[in-house]
Amino acid sequence: GAVVSQHPSWVICKSGTSVKIECRSLDFQATTMFWYRQFPKQSLMLMATSNEGSKATYEQGVEKDKFLINHASLTLSTLTVTSAHPEDSSFYICSAPGGANEKLFFGSGTQLSVL
Amino acid sequence: QKEVEQDPGPLSVPEGAIVSLNCTYSNSAFQYFMWYRQYSRKGPELLMYTYSSGNKEDGRFTAQVDKSSKYISLFIRDSQPSDSATYLCAMRYTGTASKLTFGTGTRLQVTL
C-alpha cells in the first residue's frame, strides 16, 4: 500500500509554545489529506481536511486559529498547534487517499504532550 | 444514536481461536467498508477494503458486508498474539474523497 510518513512521532512542549507536525505522502501525490485527533481508548475524530493550494476545511467545533493547516505541495501537509495548552495533549494522526478507490492510508501518529 | 456502532471490548481469546468482530451502521448510503488494525500509539493500518455487500478473504482475514442488515464483520482465523490490537471499522459514501466514518474500535487480546 501507499506510504504516509508523519513526524515527529512524539513531542513534549511547554504551555504557550507552538508545535508543527508534518505529514508526507512518500510514493504518491495527495491533493487532499486528513488530520485526526485520538484520545486514549477512543476512536479517531476528524479535525480538518487539508486541501493542496487552498484553505483547509475544519470540522465543527475545531478552532481554525488554534490548529493551523498548510498544504503547500502535493506531498506535504502540516498541522501547527499554536499556543499549546495541556488540554491539547493528544495523539494526532494524518491520512491521505492513495491508489485505486482512494483507499485511506495513515501516518504513524504524533503523541503531543503539553506541560 | 451513532452512525456506526462497535463494541469496544476488550475481547480476550486464546491463541488459535477464531475471532469475530462486528459493526452495525444506520445509514444505508454507505458503500465502501474497511477494517483497520491499530497498535497502541501507532496509526491505523488498512486490513480489508470492500465495496457493497459480499465477502472478501485475505489470508487469515475475512470481511463480510451485509447491506440489507447494515452489518459488517471481520473474522480472524488462527489468531496469534501479534493480532492483539484495536480493530476499527470504517465506512464511507461514494464520492466523499475518502472521508471516513469510524467505529469506536474493538480492543482484541490474544493470549498464549
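The values are calculated or read from the model by the stated rules, or taken from the named source; none is laboratory data. For clarity, every value in this text was computed on a predicted model and none was experimentally measured. Cβ coordinates were reconstructed from backbone atoms using ideal geometry, including for glycine residues, and neighbour counts include every protein chain displayed. With ligands, DNA and RNA removed, areas are computed over all heavy atoms of the protein, side chains included. Shrake-Rupley method; radii C 1.70, N 1.55, O 1.52, S 1.80 Å.
Note that region A:82-89 has calculated 3J(HN,Hα) couplings of 8, 6, 5, 10, x, 5, 7, 4 Hz, one per residue in order, obtained from phi through the Karplus relation 6.51 cos²θ - 1.76 cosθ + 1.60 (θ = phi - 60°); glycine and proline are x. Shape class for region A:42-115, computed from the alpha carbon gyration tensor (a ≥ b ≥ c): prolate, with a/c not under 1.5 and a/b above b/c. Amide H contacts under 5 Å for A:Ile21: A:Leu79, A:Thr80, A:Val81, restricted to partners 5 or more places along the chain or on a different chain, H placed in the peptide plane at 1.01 Å from N. Between A:Ser18 and A:Lys103, the FRET efficiency from the beta-carbon distance, with R0 = 35 Å, is close to 0.60.
Working from the alpha-carbon coordinates of region A:1-80, get Rg over Rh, Rh being the Kirkwood radius. Intermediate results must be reported in sequence, preceding the final value.
Values: Rg = 12.9 Å, Rh = 13.4 Å.
With Rg and the Kirkwood Rh in hand, the quotient comes to 0.96.
What the phi angles of region B:8-25 give under the Karplus curve with 6.51, -1.76 and 1.60, with θ = phi - 60°, is a coupling list of x, x, x, 10, 10, 9, x, 3, x, 6, 8, 9, 10, 10, 9, 9, 10, 9 Hz, glycine and proline written as x. Applied to region A:109-115, the Karplus parametrisation 6.51 cos²θ - 1.76 cosθ + 1.60 on θ = phi - 60° returns per-residue 3J(HN,Hα) values of x, 10, 8, 9, 10, 10, 8 Hz, with x for Gly and Pro.
For chain B, the fraction of C-alpha pairs more than 21 angstrom apart is 31%. Run the paramagnetic zone check for B:Lys2: 7 angstrom along Cα to Cβ, then residues of region B:71-110 with backbone nitrogen under 13 Å. Only B:87-91, B:101-107 pass the distance filter. 5 Å is the cut-off here: which amide hydrogens, built 1.01 Å from N in the peptide plane, fall below it relative to A:Ala48, excluding neighbours closer than 5 in sequence? Those qualifying (amide H under 5 Å, at least 5 residues apart or on another chain) are A:Trp35, A:Glu59.
Solvent-accessible area lost on pairing B with A (1.4 Å probe, both sides summed) amounts to about 1700 Å². Residue by residue along B:32-43, Cβ atoms of other protein chains within 10 Å of the local Cβ number 4 on average.
Any idea how many Lys pairs in chain A come in under 17 angstrom at the alpha carbon, given 8 or more places apart or on separate chains? Walk me through the numbers before you get to the answer.
Working: A:Lys14/A:Lys66; A:Lys20/A:Lys64; A:Lys20/A:Lys66; A:Lys55/A:Lys64; A:Lys55/A:Lys66.
Total qualifying Lys-Lys pairs in chain A comes to 5.
Output the relative contact order of chain B, whole-number percent, from Cα pairs under 8 angstrom with separation of 6+ residues. With pairs under 8 Å counted, the relative contact order is 37 percent. Ordering A:Leu46, A:Val81, A:Thr32 by the projection of their Cα atoms onto the charge dipole of chain A, which places +1 on the Cβ of Lys and Arg and -1 on the Cβ of Asp and Glu, puts A:Val81 at the extreme positive end.
In a solvent-free Debye calculation with one equal scatterer on each Cα, what is log10 I(q)/I(0) for the protein assembly as shown at q = 0.08, 0.12, 0.14, 0.18 Å⁻¹, listed in the order of the q values? Result of the Debye calculation: -0.29, -0.66, -0.89, -1.34. Split the accessible area of the protein assembly as shown by element, probe 1.4 Å, and carbon with sulfur accounts for 50%.
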